[in-house]
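The values are calculated or read from the model by the stated rules, or taken from the named source; none is laboratory data. Since the structure is predicted, the reported quantities are computational estimates derived from the model, not experimental observations. Ideal geometry is used to build each Cβ from the backbone, glycine not excepted, and the neighbour counts take in all protein chains shown.
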Amino acid sequence: MNKKWELFRMTWKEIEEVFKEKPVVLIPMGSTEQQGPHTPTGDYRLTEQVVSEVCKRTETYCTSTIQFGCSEYFRNFPGTISFRHETMIAVLNDICQCFFDHGVTKLFFFNGHGGNAPVLDKVSRDIRRKHGYIIPSINLWQQIPLAKKLEVFEGENPSGHGAEPLTSVSSYLFPEEMRMDLFDSEMTSSKFLGFDIKSFDKVAMADIDFNVYLNANDVSPEGIVMGTPRFASCDRGKTLFENVVDRTSQIIEMWKKVSF
């Protein structure tokens, strides 16, 4: 029988034996949100695929994937489902407590959505203060080095929301669901109320920047922000996916050796 790494595929008796090992357990997270007109909204599935490969390579275990994230700035687009921060905090605390109740304390958040980062900071700090356990998190798509992107995209860096690397990775993992025929133009605005747009939460005048909390459609009516999917391909997605799996597997191998 093939070894199972996903806890949700096991019976409670099997899990009881696994927990005797005091294993590292990965908690995959993502979102269900617009990814431009051409890519499916369920980007959590990309995290799910990464974690599945990492578990096999590192002989660690994982929970089922948290499918929804904090995606407030995408709510103007149909199909986006967003948790409030307090909802997400409660969900993560409840999940972690269930593991603590059974003596499993080496957890690791695998995060595929940048909007979840403030919540992860809050949850991890509160757990460390209350229990003394350290729960790291890693933003998967920020792990690809710039040099690797320039190599894969032949000197270009088309990174951005609704752009890369997720368009290429989705093209590799779920090619039958892509709708590149719906992609027409980035149609990205560079100004908001006369100020230069720097990101979802920052604008600038000359070299002075300050925070203005934008919605994605303030920047792009197509939902493609700060990048382009024009260079997407299945082959590039495979290379980027494998790069993320390789790099995050190295981190988990090191974390397995940590004691606290």
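Values as computed for the structure displayed
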read-out: Qualifying residue in region 144-160 (condition: farther than 24 Å from residue 6 by Cα, in contact with a strand residue (DSSP E or B) (Cβ under 6 Å, 6 or more places away or on another chain) and not in a helix (DSSP H, G or I)); value: yes
read-out: Among the candidates 79, 36, 42, residue that is at positive phi, part of a loop (DSSP other than H, G, I, E, B) and buried (at least 16 other Cβ atoms within 10 Å of the Cβ); value: 36
read-out: Single unsatisfied condition, residue 89 versus (1) closer than 30 Å to residue 14 by Cα; (2) touching a His at 6+ places or on another chain (Cβ under 9 Å); value: (2)
read-out: Of the criteria (1) in a strand (DSSP E or B); (2) in contact with a helix residue (DSSP H, G or I) (Cβ under 8 Å, 6 or more places away or on another chain), which one residue 214 fails; value: (1)
read-out: Qualifying positions in region 107-133 - more than 26 Å from residue 225 (Cα to Cα), under 20 Å from the mean Cα position of the chain (by Cα) and not hydroxyl-bearing (Ser, Thr, Tyr); value: 107, 108, 122, 123, 125
read-out: Scope region 82-128; condition surrounded by 17 or more Cβ atoms within 10 Å (Cβ to Cβ) and of a type in the set (Phe, Trp, Tyr); matching residues; value: 83, 99, 108, 109, 110
read-out: Positions within region 209-253 being more than 17 Å from residue 139 (Cα to Cα) and of a type in the set (A, V, I, L, M, F, W, C), in sequence order; value: 210, 212, 214, 216, 219, 224, 225, 226, 231, 232, 234
read-out: Any hit, region 60-75, residues being modelled with pLDDT of 95 or more, small (Gly, Ala, Ser) and crowded, with 17+ Cβ neighbours inside 10 Å; value: yes
read-out: Number of the exception - residue 64 against (1) under 12 Å from the mean Cα position of the chain (by Cα); (2) over 28 Å from residue 215 (Cα atoms); (3) part of a loop (DSSP other than H, G, I, E, B); value: (1)
read-out: Residue that is modelled with the highest pLDDT [pool: residues in region 153-171 that are out of contact with any Leu (no Cβ under 8 Å at 6 or more places or on another chain) and farther than 19 Å from residue 219 by Cβ]; value: 171
read-out: Residue within region 100-120 that is under 29 Å from residue 17 (Cβ atoms), in a helix (DSSP H, G or I) and at pLDDT 95 or above present; value: yes
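Each row is one residue, and each column tells you yes or no for (1) assigned by TED's automatic domain parsing to the domain that holds residue 245; (2) aromatic (Phe, Trp, Tyr); (3) farther than 11 Å from residue 27 by Cβ; (4) in contact with a Leu (Cβ under 8 Å, 6 or more places away or on another chain).
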residue: 100; (1), (2), (3), (4): yes, yes, yes, no
residue: 115; (1), (2), (3), (4): yes, no, yes, no
residue: 133; (1), (2), (3), (4): yes, yes, yes, yes
residue: 151; (1), (2), (3), (4): no, no, yes, no
